[in-house]
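The values are calculated or read from the model by the stated rules, or taken from the named source; none is laboratory data. These numbers come from a predicted model, not from an experiment. With ideal geometry, Cβ positions are generated from the backbone for all residues, glycine too; neighbour counts draw on all protein chains shown.
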Amino acid sequence: MSQETQPIAIVTGAARGIGAGVAIRLAADGMAVAVLDLDEGNCAETVKEIQGAGGTALAVGADVSQTDQVEAAVGRVAGELGAPSVLVNNAGLLRDNLLFKMSDSDWDTVLDVHLKGSFLMTRATQKYMVEQHYGRIVNTSSSSALGNRGQANYSAAKAGIASLTWTLARELERYGITVNSISPRARTRMTEGIFAEMSTEGEGFDKFDPSNVAQLVGFLATDQAADVNGQNFIVFGGDIWATGGFHAIGEVHRDSAWTPKELIDAKGELFKGISSGVPKFSIF
């Protein structure tokens, strides 16, 4: 992007936590940032910090699961700040429960905010990026996309976001737009009950600080990351893993269809040297 034009970024779920950290990072890098959250009033602190450091920020309230609100919010950003060229989809919530206890509302709410919200925000902003022939989109997935007990809704949403990322990376690449996802591990309202060790006490490097995640997003939003596309990154403190997409773990081949009996006999070859049970929760 031309250095003569100030980039415009939209960060959802930016009132606090990872989203706030990302908004502050992008503003420090010279972008004008739309700080978007469900309640516009809750964005005040993030906006104040950005403006206090000499940056430009706009508080925007919108429910990312509602088409009309998303369209209005993105239109407002384009009108007041300029055409967005960076989008960070970070809005989310939890409604954890075991399958037999999970309500329709638990399922719908999580899928609507995480997955549908990422879709709606991307659809609304991509037209501005296509016109500029430039864009950086960063979605928020999770290691829970690999499956996590008690999180059928959240895991499904995050897996969907990973697939959405790969698809849009292919669709939008020809317009100079990159689409990547992050799977962060950090201290937020959503995760404070998950990792007991996420204490702020003690000295030294705080690996759970949300600002650690913001640095990776800042990199993905640069011109120098133009060749990084369709990737997922796990980030935890100073550790970053590029995880890519699906990878084969075993295989069998023949020139005709398999019967169930033949697959029973071939199961040992298909899973040779590996477990055929439930995959590990994480990549480690």
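Data for the structure
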quantity: Where a residue in segment 165-185 is at positive phi and of a type in the set (G, A, S) and its partner, wherever it lies, is outside any strand (DSSP E or B) and at pLDDT 95 or above, with Cβ under 9 Å and at least six apart; calculated: G176/M129; G176/V130; G176/Q132; G176/H133; G176/Y134; G176/A226
quantity: Matching residues, segment 220-235, being within 20 Å of A145 (Cβ to Cβ), in contact with a helix residue (DSSP H, G or I) (Cβ under 8 Å, 6 or more places away or on another chain) and not in a loop (DSSP other than H, G, I, E, B); calculated: N232, F233, I234, V235
quantity: Residue within segment 68-81 that is closer than 14 Å to G19 by Cβ, touching an Asp or Glu at 6+ places or on another chain (Cβ under 7 Å) and modelled with pLDDT of 95 or more present; calculated: no
quantity: Selection from segment 51-65 of residues that are outside any strand (DSSP E or B) and surrounded by fewer than 24 Cβ atoms within 10 Å (Cβ to Cβ); calculated: Q51, G52, A53, G54, G55, T56, D63, S65
quantity: The listed residue being within 26 Å of L172 (Cα to Cα) and surrounded by fewer than 23 Cβ atoms within 10 Å (Cβ to Cβ), out of S155, S103; calculated: S155
quantity: Odd one out for E4, checked against (1) modelled with pLDDT under 95; (2) on the phi > 0 side of the Ramachandran plot; (3) out of contact with any Ser or Thr (no Cβ under 9 Å at 6 or more places or on another chain); calculated: (2)
quantity: Residue match in segment 248-257 (condition: touching a Phe, Trp or Tyr at 6+ places or on another chain (Cβ under 7 Å) and of a type outside the set (V, I, T)); calculated: yes
quantity: Conditions (1) surrounded by 18 or more Cβ atoms within 10 Å (Cβ to Cβ); (2) touching a residue at least 40 places away in the same chain (Cβ under 8 Å): number failed by E71; calculated: (1)
quantity: Filter pass, R149 being modelled with pLDDT of 95 or more, at negative phi, surrounded by fewer than 17 Cβ atoms within 10 Å (Cβ to Cβ) and not in a strand (DSSP E or B); calculated: no
quantity: Residue in segment 135-142 that is under 17 Å from the mean Cα position of the chain (by Cα), among the basic types (K, R), within 24 Å of D227 (Cβ to Cβ) and at pLDDT 95 or above present; calculated: yes
quantity: Members of segment 210-221 found to be touching a residue at least 40 places away in the same chain (Cβ under 8 Å) and surrounded by fewer than 18 Cβ atoms within 10 Å (Cβ to Cβ), listed by number; calculated: S211, Q215
quantity: Whichever residue in segment 242-284 is aromatic (F, W, Y) and surrounded by 11 or more Cβ atoms within 10 Å (Cβ to Cβ) and, among such residues, is farthest from the chain's Cα centre (by Cα); calculated: W258
quantity: Among (1) of a type outside the set (A, V, I, L, M, F, W, C); (2) in contact with a helix residue (DSSP H, G or I) (Cβ under 6 Å, 6 or more places away or on another chain); (3) more than 30 Å from D106 (Cβ to Cβ); (4) in a helix (DSSP H, G or I) - the single one T46 does not satisfy; calculated: (3)
quantity: Qualifying residue in segment 121-128 (condition: at pLDDT 95 or above, on the phi > 0 side of the Ramachandran plot and surrounded by fewer than 24 Cβ atoms within 10 Å (Cβ to Cβ)); calculated: no
quantity: Some residue of segment 83-95 being surrounded by fewer than 14 Cβ atoms within 10 Å (Cβ to Cβ) and part of a loop (DSSP other than H, G, I, E, B); calculated: no
